Amino acid sequence: MKIALRFAFAVFLLTAFAFTTSPEKNSKPIIVVIDVSHGGADPGNNNKLVLEKELVYQIAQKMATLNTSGSIQLHFTRDGDKSMSLQDRVKFINQLQPDAVLSLHMNGENIKKASGLRVFYSERAFQDKKTQNLASEIAESFKTNGLFSSRTIGSAPFYILKHSNAPALLLELGNMDNPSDLELVKDPAQQETIAQTILDALERL
């Protein structure tokens, strides 16, 4: 009888352990820093109709509002129209030790035919699988939601990318000098779609 009770108790412990540890592992949210570029005295690109710093902040706000699943913990480098140096942004990022970093920007080449989403990673991350997977998920998510006909991925020596310890991408969400791109990113409904599209990609990490 004692042997039977011991066996039953052992089975109970194993079952309880299985049911209590698994959800714990799966419920831990990923930590993502959204670098809201420019701000304050730094307007970013300016096509005389709207400022880059305003557009990226509006999209970041929508990301914060739409992020309700609990699986992603978002942190933003700026709240409101504030200046922040690149060095301070990187310090903020590396102190948090996030799982990923996304720096939001708009392209502004003064070339109207230039259009679409551009995803950049640092040259040193060329063979980093986490960074590559993140870039692919972002581009695929935009394709799935029909945002921008052109979506390119490449490396660039941007400060944020070079000095962030976590997998980091810089996203250029369209060209401000392209009328179609500008119309899209100015539209609050489309901004919401862009924000949700980025969140969808992060959910799949």
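Quick one: A135 ticks every box in (1) under 13 Å from V36 (Cα atoms); (2) in contact with a Phe, Trp or Tyr (Cβ under 9 Å, 6 or more places away or on another chain); (3) buried (at least 20 other Cβ atoms within 10 Å of the Cβ); (4) of a type in the set (A, V, I, L, M) bar one, so which box is it?
Going through (1) under 13 Å from V36 (Cα atoms); (2) in contact with a Phe, Trp or Tyr (Cβ under 9 Å, 6 or more places away or on another chain); (3) buried (at least 20 other Cβ atoms within 10 Å of the Cβ); (4) of a type in the set (A, V, I, L, M) one by one, A135 breaks only (1).
Given the criterion without any contact (Cβ under 8 Å) to a residue 40 or more places away in the chain and not charged (D, E, K, R), identify the matching residue among Q73, Q95, Q58.
Q95
Just the residues that are among the polar types (S, T, N, Q) and outside any loop (DSSP other than H, G, I, E, B), please, taken from the range 51-81.
Q58, Q61, T65, Q73
For the subset of the range 115-131 comprising residues that are surrounded by 13 or more Cβ atoms within 10 Å (Cβ to Cβ), out of contact with any helix residue (DSSP H, G or I) (no Cβ under 9 Å at 6 or more places or on another chain) and not acidic (D, E), which member is modelled with the lowest pLDDT?
K130
Quick check on this structure: which one of K91, K25, K48, K112 is basic (K, R), modelled with pLDDT under 95, surrounded by fewer than 17 Cβ atoms within 10 Å (Cβ to Cβ) and outside any loop (DSSP other than H, G, I, E, B)?
After applying the criteria, what remains is K25.
Here are some residues: L134, L171. Which one is modelled with pLDDT under 95, under 30 Å from K91 (Cα atoms) and not in a loop (DSSP other than H, G, I, E, B)?
Every option except L134 fails the conditions.
The values are calculated or read from the model by the stated rules, or taken from the named source; none is laboratory data. This structure is a prediction, so every number in the text was calculated from the model and none was measured. Glycine gets a Cβ as well: all are built from the backbone with ideal geometry, and neighbour counts include every protein chain shown.
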